[in-house]
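First up is the structure itself, then whatever we jot down about it.
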Amino acid sequence: MAARIQIINGPNLNLLGKRQPDIYGHETLDDVAADCTALAADLGLDLQFYQSNHEGGIIDCIHAARDTCAGIVINPGAYTHTSVAILDALNTFEGFVIECHISNVHKRERFRHHSYVSLRADGVIAGFGTEGYQLALRRLATLVTG
Ligand code: CA2
């Protein structure tokens, strides 16, 4: 059976491709979901895609993944830099976790340099644009097939 992967996007990422293209590019979140769904089929992965502007929604999604998913790709948006609660939820998940940022957070304001999620992530991608989600999926495919 295909390993199931959950992609999670946090606050404001529903606006992808509609604002600040200089930072986040021109692809919409629907474009990202379509690209990732096509790649997942090639990699033999079963993909679920979720976005929420609410911390609790993201935490509920991580909890649901505990029993069903082998891996998570998460772009927690600004919660990356603030949310101990999302870190705690990820610490209850036993599969692989890849943290993905569209922009290079290390080239930006100092407050974006720290990530709570990185304390749990098995890998971190930043600054590869929306292509980063596909790189994360490729890495998960390697990890879950051992
Ligand atoms: O680079 C990333 O992917 C971020 O996770 C994006 C977050 C930011 O707070 C992190 O520091 C880095 C912000 C997401 C906002 O997304 C937008 C997309 C398009 C237009 C406006 C906001």
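Here the gap between Thr28 and Leu135, fully extended at 0.36 nm per residue and compared with their Cα-Cα distance, gives a gain of 36.8 nm. Near Asp46, the amide H atoms lying under 5 Å from its own belong to Ala3, Arg4, Ile5; only residues 5 or more places off or on other chains count, and H is placed 1.01 Å from N.
Amide hydrogen proximity for Ser115: with H placed 1.01 Å from N in the peptide plane, no residue at 5 or more positions away or on another chain lies under 5 Å.
Computed from backbone phi, the HN-Hα couplings of segment 134-145 come to 6, 5, 5, 4, 4, 5, 5, 4, 5, 5, 6, 8 Hz, rounded to whole numbers (Karplus: 6.51 cos²θ - 1.76 cosθ + 1.60, θ = phi - 60°; Gly and Pro given as x).
For segment 3-145, the relative contact order works out to 28 percent when only alpha carbon pairs closer than 8 Å and six or more residues apart are counted. Couplings 3J(HN,Hα) of segment 85-91, computed from phi: 5, 5, 4, 4, 5, 5, 5 Hz, in residue order, whole Hz [Karplus 6.51 cos²θ - 1.76 cosθ + 1.60, θ = phi - 60°; x for Gly and Pro].
Applying 1/(1 + (r/R0)^6) with R0 = 22 Å to the Cβ-Cβ distance of Ala2 and Ala64 gives a FRET efficiency near 0.80.
Multiplying the residue separation of Lys107 and Asp122 by 0.36 nm and subtracting their alpha-carbon distance yields 3.2 nm.
Ranked by the mean number of other Cβ atoms within 10 Å of their residues, highest first, the peptides 102-115, 74-87 fall in the order 74-87, 102-115.
On full extension, the segment bounded by His54 and Thr142 gains 28.6 nm, given 0.36 nm per residue less the C-alpha separation. Peptides 49-59, 15-25, 131-141 ranked from most to least packed, by the mean per-residue count of other Cβ atoms within 10 Å: 131-141, 49-59, 15-25.
Just so you know, the averaged projected area of the alpha carbon convex hull for segment 3-145 sits at 7.4 nm².
No value in this document is a laboratory result; all are computed from the given coordinates. These figures come from a predicted structure and were not determined experimentally. We place every Cβ from the backbone using ideal geometry, glycine too, and count neighbours over all the protein chains shown.
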